[in-house]
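Every read-out reported here was derived from the displayed coordinates using simple, explicitly stated rules and does not represent laboratory data. It should be emphasised that the depicted structure is a prediction, and the values quoted were computed from it without experimental measurement. For neighbour counting, all protein chains shown are included, and Cβ atoms are generated from backbone atoms with ideal geometry for every residue, glycine included.
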2 protein chains.
Amino acid sequence: MSTAGEVDGRVSPGVAVGRVTPGAAAAIADARPRASRTSPADRAAQLATAAEGLALEEGLHALTLRAVAARAGVASSLVAHYAPSMERLVADTFTSIVGAELAEVRAHAIAVRDPNARLQALLATLLDGSRDDVTGVWVDAWSIARRSSVLAEAVREQMTAWHSAIVDALRAAAPASMHVRELDRVAAHVLAMVDGLNAHELVDYGPTGSGLALIARVVERELSLPEGALTR
Amino acid sequence: MSTAGEVDGRVSPGVAVGRVTPGAAAAIADARPRASRTSPADRAAQLATAAEGLALEEGLHALTLRAVAARAGVASSLVAHYAPSMERLVADTFTSIVGAELAEVRAHAIAVRDPNARLQALLATLLDGSRDDVTGVWVDAWSIARRSSVLAEAVREQMTAWHSAIVDALRAAAPASMHVRELDRVAAHVLAMVDGLNAHELVDYGPTGSGLALIARVVERELSLPEGALTR
DNA sequence: CTAGATATTGATCGCGTGATCAACAAGAGG
DNA sequence: CCTCTTGTTGATCACGCGATCAATATCTAG
């Protein structure tokens, strides 16, 4: 709007209509059937799903207005309409993905009765390499979070949630005499190892699948469990 | 020069001189005194230094032709002239930074006579937070390596180098009865924890400085050292 | 002192990014 | 059936990216 007359790269100096005719330049943009009119809540959910899938498949870096729009079959301006900014979209998508993973893993672990077996299930699930996509999102997040305080905040929240999930699993398998402080320490140890080992596996470093043995060993000692209690 | 006539954003349809006059459009690009003519080796070294500084200060993501050129006080095309591609520049810069860090830390550790004190010095140096910039480069590298096999290869090389440096330090402090396989296992454990804890610290997660205690505890046990041997 | 070799440059291309906004159209309420 | 709210769109802007190449400027060998 305003400043009239820029069309086709050429400037027509005399034209000062006061308002541009936007369609005049005619560049094909999307060539897509118009998206059906939907309730804001549904559309927001659909865009979130598209963003999550994209991030899992291509990484957080792949979250662009146009890429998310294409995956949802929608104009890029619609994505911008629903997301206040890309920084927020990235942070929210991270939270959704990681939050869902935590809920899923937690549910999977809770289904196991025996505390030792449950702890083992939790650790094994975290390290079996079946969640490389989520691990990739974590690593992307640590990297991007250095430049995005919004994402950094989201990352800290999810790490705290994971920490307490690990503490829960540890407590059930630990002797009652263990204090909260000790459980926190062991949980921090486990979380650091899980994150480190997963980052390593992401670049195909180290013998695959050896991670569980490493962690199980130290956790068994810390919780005074018999050797091999967490590796069957 | 070719395809004539594009100047100032306007297209003069009739002009078909066969060759363009490239300078005609006159857009200010750099406004910088011409860089002194230098030997290729010196210039390459200077550009590498600029790239390393930039990566340490702003992350591997900040490595662009134009950013490196600006820091070196040189035209961006000169950077492109010396680097076969940005992917290579990024991988080489990563290798330089991390390789230098390893050499430095190694030298610092070797200067310590007592094996236990040396091991402690190594671990403390890795975790004291004074190398956040290098940690950032590591995290960026893990993230980018997923899309760059060139960088992934460089990352694996440096991880292997670090692994053996840690093994060296462990061996000196370990009982002679420990086998190579055990030392490898403990080193893998330490490396995973260092990387995990450093990633955590990068987003300000967790109590600062608690990392050394965590690692020292497990290493003392694994090497059959007296409790507190690595924490003074 | 000149001529050749080559280090360095500026311009340009084609593409991708986030953001913005008037215009359009589809469904809901009267 | 018509009106109005609002979900949706296309075009556009200003920017930054890696890469390429003819032209230029400088150093050096003869």
*asked:* Using square roots of five times the C-alpha gyration tensor eigenvalues, list the equivalent-ellipsoid semi-axes of the stretch A:38-99 in whole Å, biggest first.
replied: 16, 12, 11
*Tell me, what is the percent relative contact order of chain A, built from C-alpha pairs under 8 Å that lie six or more residues apart?*
16
_Taking each residue in B:226-232, count the Cβ atoms of any other chain within 10 Å of its Cβ, then average. What number comes out?_
0
*asked:* Using a 10 Å cut-off around each Cβ of peptide A:179-192, what is the average number of partner chain Cβ atoms that fall inside?
replied: 3
_Theoretical ellipticity at 222 nm over chain A - DSSP helices of four or more residues, -39500 (n - 2.57) apiece, nearest 500_ = -21000 deg cm²/dmol
*Quick one: grab Rg to one decimal and Dmax as a whole number for the protein assembly as shown, Cα atoms only, in Å.*
27.4, 90
*Environment charge of B:Ala103, counting only residues whose C-beta is closer than 15 Å and scoring Lys/Arg +1, Asp/Glu -1*: -3
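Could you work out, residue by residue across A:140-153, how many beta carbons of other chains sit within 10 Å of that residue's beta carbon, and then give the average as an integer?
Across A:140-153, the average partner-chain Cβ count within 10 Å equals 5.
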*Note down the relative contact order for the stretch B:127-207 as a percent, whole number, built from C-alpha pairs under 8 angstrom at least six residues apart.*
41
*Taking the alpha carbon gyration tensor of chain B, what are the square roots of 5 times its eigenvalues, largest first, to the nearest whole Å?*
50, 16, 15
*How far is B:Pro84 from the same spot in each other copy, in nm, shortest first, if each label point sits 7 Å from Cα toward Cβ?*
4.7
_Cα→Cβ-extended label distance, 7 Å offset, between B:Thr49 and A:Ser149, nm_ = 3.5
*Taking the rotation that carries B onto A, look along its axis and tell me which residue of B has the beta carbon nearest to it, distance in whole angstrom.*
B:Gly196, 2
